[in-house]
Structure formats: C-alpha cells, structure tokens
Amino acid sequence: MLRNTIKFVALTAALSVACLSSARADVKELVDAGKISWAGEPELIYLQTGEVSTSAAYDELVLKFIDTTPSANSFTLAEDVKANLWILAVGGGGAGGTSKSTTSGVGGGGGAGGVTNVPSVVLTGAAGGSTYAITVGAGGAKAADDTTVAVGANGENSSFDSICIAYGGGGGGAQSVGNDGGCGGGASRGTAQ
C-alpha cells in the first residue's frame, strides 16, 4: 500500500515530479537513506499531508526541474523502493517569427509548449536501482535580428524517461503560417516581399 507522494511538476519549460513512498517509511527517511535521489538542482518543496512542511518529517516531496542542460537531470529509486509518481511536464515555448522592418508584415507569436499530466504511475527500483532520465525542453531560439524574414524556432520537448513527453511549441510564422508543435506557432500578418 502506497501512502506518500513525489511530484514532478513542470512549469515554463520545466518538469516536476511528486513521489509517494512505501507505507514502511516516509519520503524523508527514503531521501535521507539515499533510496530516493536525483541529479540536477531541482527546486524542492516538502509537504506533510498536503501542507508545506516545517517539521523534520514530510510525506510528500515535489521536485521542480528547470535546467535545460542536456543530461543534467535524473531521478533514481534504489532497489525494491516503490514510488507512486505524479508527473507534470511542459515543453519549451516556440520563438516568435520575424519580418523585415521595411515591410508592413508582423511576425507571428511562438506557440506555447505542450502539457502532459500523468497523475499516477507506480515505479519500483530494479536490482541495483533504477535511474530515469529527465529532459527539460528549452524555449526556441529567437532569430538573429529583426531585419530578416525568419520563422521562429520550435521549442524543445520535455520528458520523464519514456513514460511521458510534452512537445515543444511551434515557432511563429514570418509572412507565413507558424510551425506545428505542442501548440502551433501563430501566423504572421503581411505579404512576402
């Protein structure tokens, strides 16, 4: 029977995880014993029965990962540790498109990153432990300058291993329609020159 929760929540191109521990120990005991661990520098929020905890014990841990460096983030369960995870992932937003400043056209806005919510997935650490890769998608790169016509770059995808993926937003149009993505990029206004 599981009672504690670990939440991974992603906001503005982030990924967050909430974790439930086994009934034998609270989340704090598992973290202190190194049976639940992570790589990266997520924001940590400790909760006790749904309230922010100021006590030494807590039964819920929320980890918010925002570092978009490739391979920087992961989550590990030691052998035989069971956790019920709630995962919320948000892909990186798309960049806006640009138009030549000498035209009447306006670049379209970049699309928002897609959102994926997995309210409950139970994982158990395999022999030797199990590590799950966490990817936080960066926002799309903007065009070099506003004197060119350029479709905005798509945002990158956010994911929790192979369990869930949130697609990056589409880049905004440049005197054209925007790119597909988690949310499509906006079309631009004006005609091609």
Requested in this report: Multiply the residue gap between Lys82 and Glu43 by 0.36 nm, knock off their C-alpha separation, and tell me the result in nm, one decimal place.
Outcome: 11.8 nm
Query raised in the report: With every protein chain left in place, what is the accessible area per residue of the range 73-140 in square angstrom, probe 1.4 Å?
Result: 38 Å²
Report summary line: Output ordering of 81-90, 150-159, 32-41 (per-residue mean of other Cβ within 10 Å, highest first) is 150-159, 81-90, 32-41
Report task. Could you look at the range 112-164 and say what percent of its accessible area is carbon and sulfur, using a 1.4 Å probe and all protein chains? Result -> 54 percent
Report summary line: So, with points 7 Å from each Cα along the Cβ direction, the Ala72-Val121 label distance in nm works out to 2.2 nm
Query raised in the report: Where Lys and Arg each count +1 and Asp and Glu each count -1, what net charge lies around Glu156 among other residues with Cβ under 15 Å from its Cβ?
Result: -1
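The values are calculated or read from the model by the stated rules, or taken from the named source; none is laboratory data. A quick note: this is a predicted structure, and the numbers were derived from the prediction, not measured. A quick note on method: Cβ atoms are made from the backbone with ideal geometry, for glycine too, and the neighbour counts reach across all protein chains shown. Surface accessibility is based on the protein's heavy atoms, side chains included, excluding ligands, DNA and RNA. Shrake-Rupley method; radii C 1.70, N 1.55, O 1.52, S 1.80 Å.
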